[in-house]
Amino acid sequence: MNHALPERDADGDTAAPGLFALFVRAELLSFLAGAVLIAGYLASLHPFPAPRIGSGYSFNEKARWLRHALERHSCDVLVLGSSVALNGVDSAELAAAYPGATVVNAAYWGGKMSEDEMVLRILSRLCRPKVVILPVTWLDFKPGVQESNWTHYEKYVGGQPTLEAYLEAPDLLYYIHAGLYFAAGQTLQPEGRRRYLNLYFDQGGAVLLSVEGFVREPRRWDGYLEERRNVVDGAGLEALGRLAAQARQLGARLVVSPIPMRPIAEKTFFPAERVALWQSVQAQIRPQGGEFLVDPRTSDFGDALHADYDHLNAAGAKTWTRWLAGTLTRAGQGEPAAATGPSPAVPAGQP
């Protein structure tokens, strides 16, 4: 029987490690090729996703917008809240009601009361609001908050160098996923306002959803049918009380106002529980001088003014904001002092 010895190279080593080296080299080349493709894809994104300060796309993109909007340290009329505030407040209507004032909408998807409290605390170190508007829906008082790095948020909104911000949040998978998501839905483009998840902010930071050609999703249009319980987070109510105390310390006029839902939802979605919730809200804000305003035409906000059961479209936002602004200015209390100029137009996605 021929027992051949393993073939050896000039140094006396067997040939097997040479094959292993070829395998490792091939794997390394494949990795580098993939890295080049990923880098090329990321470089092609315009605009590139904002630094990952929190888990929410909207939270991060709004932080980038605020970073530029607050360069002049002015936020005479400050809007806080969740997506109902982002989509339901018409910046132009507020600007018309308060000539010369700076309108800043700091709202983002999924914002809760405890987060609004943090946003006001941080932004008030950069600007001095005269009026704080908090449009609300029952969703804002449900339990749960998104993951957010508030220390990074404050640094970034306050002017942290862009490269440093990305180096502090080197989450490659997030940027790839966000880039794909944004490209597929035109999320950072004006054309994307025909869909719910758009983040093309107007000059005041709002996103007004299109009326014509809007793509309604049945699960969102009839979403009120899927909610089995109107669960209220007690911690959220307490956070609202602290927010009201902050506003009072700042000398700002705080106005909390429910966004009208679709008429069918207003009539059938836990009406008694919502009345109790709004009473709890008033109990938190009124001792601090906060105001609770309800549009008397709430039941008349028909389907044509809605993008889904609790989000207004552009027409609904214009109608509701005009009422709110008119009510505030007619009251003649706490009107913001004129700023040095109109609200800055900051394009969505500007780095």
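The values are calculated or read from the model by the stated rules, or taken from the named source; none is laboratory data. Values in this document were obtained by computation on a predicted structure and should not be read as measured data. Methodologically, a virtual Cβ is constructed for each residue, glycine included, from the backbone with ideal geometry; neighbour enumeration extends over all protein chains shown.
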Would a scan of the stretch 207-224 turn up a residue that is touching a Ser or Thr at 6+ places or on another chain (Cβ under 9 Å) and either aromatic (Phe, Trp, Tyr) or loosely packed, with under 15 Cβ neighbours inside 10 Å (or both)? yes
Residues of the stretch 151-175 satisfying the condition of being in a helix (DSSP H, G or I) and under 17 Å from Leu126 (Cβ atoms): Thr151, His152, Tyr153, Glu154, Lys155, Tyr156, Val157, Ala165
Cβ-Cβ below 6 Å, separation at least six or inter-chain, first residue in the stretch 231-258 and in the same structural domain as Arg125 (by TED's automatic domain parsing) and within 23 Å of Leu312 (Cβ to Cβ), second of a type in the set (S, T, N, Q) and modelled with pLDDT of 95 or more: which pairs? Leu240/Gln284
Quick one: which residue in Asp76, Asp90 is under 18 Å from Val157 (Cα atoms), at pLDDT 95 or above and either among the charged types (D, E, K, R) or not assigned by TED's automatic domain parsing to the domain that holds Arg253 (or both)? Asp76
Within the stretch 180-193, the residues that are surrounded by fewer than 18 Cβ atoms within 10 Å (Cβ to Cβ) and under 19 Å from Val211 (Cβ atoms) are Gly185, Gln186, Gln189, Pro190, Glu191
Take the residues in the stretch 84-142 that are of a type in the set (Gly, Ala, Ser), over 14 Å from the mean Cα position of the chain (by Cα) and in a helix (DSSP H, G or I), then tell me which one is surrounded by the fewest Cβ atoms within 10 Å (Cβ to Cβ). Ala96
Under 9 Å by Cβ, and 6 or more places apart or on different chains, what pairs join a residue from the stretch 113-129 that is under 12 Å from Val79 (Cα atoms) with one that is hydroxyl-bearing (Ser, Thr, Tyr) and buried (at least 19 other Cβ atoms within 10 Å of the Cβ)? Asp116/Ser82; Val119/Tyr108; Val119/Tyr153
Quick check: is even one residue across the stretch 259-267 at pLDDT 90 or above, of a type in the set (D, E, K, R) and under 29 Å from Gly192 (Cα atoms)? yes
Any residue in the stretch 127-138 that is in the same structural domain as Glu227 (by TED's automatic domain parsing), touching a Cys at 6+ places or on another chain (Cβ under 6 Å) and at pLDDT 95 or above? yes
For the stretch 176-219, how many residues are small (Gly, Ala, Ser) and in a loop (DSSP other than H, G, I, E, B)? 5
